[in-house]
Every structure is written in C-alpha cells, then in structure tokens.
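J.: Here's a structure for you.
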C-alpha cells in the first residue's frame, strides 16, 4: 500500500475512522481486499487515499491557474542567467 504524499495535512498516525456499512457493502469490501491479500482497513485506506489524491489534484488544477497562462515561459538559459544575476 502506497502512503499519501500529503504529509502537510493535520492529524496523527493513530487517528481512526469508523464507517457504518451494510452487510452487503462489508462483504464486497472484504472479498475485494482478500482477492489482493490485503486487510479490510488496508483496502479501505488505499481506496480513500486514491480518491483523496485525485480530488486534491483536480482542485489544484482548477484553482492554481497561472496569472497569465498565455504568457510564454522564458528561455531556460535566460531564466538561469537572470536567476544567477
């Protein structure tokens, strides 16, 4: 299971999330987790992190628009020369 790349989010490592599921939902999750050799908590955490990463990326793509998206980026050599003074 891959850890989240967002270490800046608040929360401690011992936080718990409790979910209420129907018998059918729990059975489906348990069966899917077993198919890949994971526990239910590992499976649910992985799915939640996948969704969180996707939502965070989509939010950033919508809200982190450059001030002037049509402006061309400077020539790399010019940018280095300007940065070095």
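Laboratory data are not the source of any read-out in this text; all were calculated from the coordinates shown. Note that the structure is a prediction, hence the values are computed from the model and not measured. Positions of Cβ are backbone-derived with ideal geometry, glycine not excepted, and every protein chain shown enters the neighbour counts.
J.: Rounded to the nearest angstrom and ordered from largest down, what semi-axes does the equivalent ellipsoid of segment 24-64 get from its C-alpha gyration tensor (root of 5λ)? The partial results should precede the final answer.
T.: Numbers: eigenvalues 159, 17, 8 Å².
Gyration-tensor ellipsoid for segment 24-64: 28, 9, 6 Å.
J.: Could you order peptides 33-44, 14-25 by the average number of other Cβ atoms within 10 Å of their residues, highest first? List each step's numbers first, then the result.
T.: On the way: 33-44: 13.3, 14-25: 7.7.
Ranked by mean Cβ neighbours within 10 Å, highest first: 33-44, 14-25.
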